[in-house]
Amino acid sequence: MLEVRNITKYFGGLGAVRDLSFKVEKGKIFDLIGPNGAGKTTIFNLINGFYTPTSGEILFRGESINGLKPNVICRKGIARTFQVVKPLSRMTVLENVMASAFCRVNSVSVAKEESLQTLEFCGLIHRKDNLAKSLTIGDRKRLEIARALATRPEIILLDETAAGLNPAELDQAIALIRKIREGGVTILIVEHIMKVIMSISDRIHAINYGQTIAEGTPQEVANNKAVIEAYLGEAYA
């Protein structure tokens, strides 16, 4: 469904991503991991059009999306969440999701109906009339996912969805991610929390300094010497 092919991105003389390649299969949960500063969010920004690659190509369903604007890429079926959630704070939870639904529909009534269904799916229906600024961090993370789902994506990019959650909220987040995949949406996720990584991922791609260091099943990557060195240092490897 999604192919990142030999992508390189320079900011001045800094190579944030260098000759990186991976493929995300339809219906799978593909995890992108790496230490802080490894280039994970930069890759998301390249995929959804915030940045244009210095070289290389990004293909969605076999079609190049290099250079397309984020709104065009979203309409093609790629949605994303952000590590730092920024809802429309003075609008209600329902209005936040409706704003995203207008990506696909022109009718207020249809946007409202679809948004209510999305909030039910994400476990936020009881918060629909609350102002977004009043939500806890856990509910803001769910709202971020709901807003992305309201655009009817074929693939969703989740950027540290579980960060800052307590244990109960973490279990709820894992259940929601699984439910999204069961609903037919392919998932590319950036995550640091091992409980999430090991329990939901079909395949993991590990990077460091913008380059690939390993790819495989969760167990294969967890036991990879280069990955252990990148996270914990040579002494632990």
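All other residues with a Cβ under 10 Å from the Cβ of Lys133 taken together, and with Lys, Arg as +1 and Asp, Glu as -1, what is their net charge?
Every neighbour counted, the sum reads +2.
Excluding residues fewer than 8 places away in the same chain, name every one of the aspartates and glutamates whose C-alpha is closer than 12 Å to that of Lys9.
Asp19, Glu57
Just to verify a number: FRET efficiency for Lys76 and Leu131, C-beta to C-beta distance, R0 = 41 Å, to 0.05?
About 0.80, to the nearest 0.05.
Tell me, how many Å apart are the Cα centres for the range 179-237 and for the range 16-75?
Cα centroid of the range 179-237 versus Cα centroid of the range 16-75: 17 Å apart.
Using +1 at the Cβ of each Lys and Arg and -1 at the Cβ of each Asp and Glu in the chain, identify which of Leu165, Ala150, Ile228 lies farthest towards the dipole's positive end.
Most positive-ward Cα: Ala150.
Arrange Lys141, Lys9, Lys69, Lys23 by Cβ neighbour counts within 10 Å, fewest through most, would you?
By the 10 Å Cβ count, ascending: Lys69, Lys23, Lys9, Lys141.
Please list, by residue number, every one of the trypsin sites (Lys or Arg not before Pro) in the range 47-93 that is coil in DSSP and has at most 14 other beta-carbon atoms within 10 Å.
Hits after loop and neighbour filter: Arg61, Arg90.
What 222 nm value per residue comes from the helices of the chain, counting each DSSP H run with n ≥ 4 as -39,500 (n - 2.57) and dividing by all residues, nearest 500 deg cm²/dmol?
That calculation yields -11000 deg cm²/dmol at 222 nm.
Using the Cα centre of the range 86-151 as origin and beta-carbon charges of +1 (Lys, Arg) and -1 (Asp, Glu), tell me which of Gly123, Ser109, Gly138 is placed farthest towards the positive end of the dipole.
It is Gly138.
Taking Lys141 as the anchor, which lysines have their alpha carbon closer than 18 Å to its alpha carbon, excluding any fewer than eight residues away along the same chain?
Here the lysines satisfying the reach criterion relative to Lys141 are Lys86, Lys128, Lys133, Lys179, Lys195.
Could you tally the net charge around Ser21, taking each other residue with its Cβ under 9 Å from the Cβ of Ser21, Lys/Arg +1 and Asp/Glu -1?
Result for the local shell: 0.
Using Cα springs under 10 Å in a Gaussian network model of the chain, which residue among Asp202, Asp159, Asp129 shows the largest mean-square fluctuation?
Most flexible of the set in this elastic network: Asp129.
Given the options Val93, Val110, Val17, which has the most mean-square fluctuation in a GNM of the chain, springs set between C-alpha atoms less than 10 angstrom apart?
Comparing Val93, Val110, Val17 in a Gaussian network model of the chain, the most mobile one is Val110.
Roughly how tilted is helix 108-122, in degrees to the nearest 10 and between 0 and 90, from the longest Cα axis of the chain?
For 108-122 against the chain, the angle is about 50 degrees.
Relative contact order for the chain: what is it in percent, counting Cα pairs under 8 Å that are at least 6 residues apart?
The value is 26 percent.
For Thr118, Thr52, Thr151, which order do you get if you count the other beta carbons within 10 Å of each Cβ and list the fewest first?
Least crowded to most crowded, the residues run Thr52, Thr151, Thr118.
Against the longest alpha carbon principal axis of the chain, how many degrees, from 0 to 90 and to the nearest 10, is the axis of helix 167-182 turned?
Compared with the principal axis, the helix lies near 90 degrees.
Provide the percentage of antiparallel DSSP beta bridges, counting only those with both residues in the chain; round to the nearest 5.
55 percent
Please get the size of the charge dipole for the chain, origin at its Cα centre, with Cβ charges of +1 on Lys and Arg and -1 on Asp and Glu, quoted in debye to the nearest 20.
Magnitude of the dipole: close to 660 debye.
Across all directions of projection, what mean area in square nanometres is found for the Cα convex hull of the range 86-151?
Averaged projected area of the range 86-151's Cα convex hull equals 3.7 nm².
Test of understanding: ordering Phe22, Phe11, Phe50 by Cβ neighbours within 10 Å, fewest first, what list do you get?
Ordered from fewest to most neighbouring Cβ atoms within 10 Å, Phe22, Phe11, Phe50 come out as Phe11, Phe50, Phe22.
Which log10 I(q)/I(0) values does the chain give at q = 0.09, 0.12 Å⁻¹ under the Debye formula, counting every alpha carbon as one identical point scatterer?
-0.38, -0.67
Roughly speaking, what is the stretch gain from Arg61 to Thr217, that is 0.36 nm per residue apart minus the C-alpha to C-alpha distance, in nm to one decimal?
Extra length from Arg61 to Thr217 when fully extended: 53.8 nm.
Report, to the nearest 10°, how far helix 137-149 tilts away from the longest principal axis of the Cα atoms in the chain, using its own Cα long axis and a range of 0 to 90°.
Long axis of 137-149 versus the principal axis of the chain: about 90 degrees.
Each reported figure results from applying straightforward, stated rules to the coordinates on display, with no laboratory input. On a predicted model such as this, the values are computed, not experimentally measured, just so you know. Please note: Cβ atoms are built from the backbone with ideal geometry, for glycine as well, and neighbour counts cover all protein chains shown.
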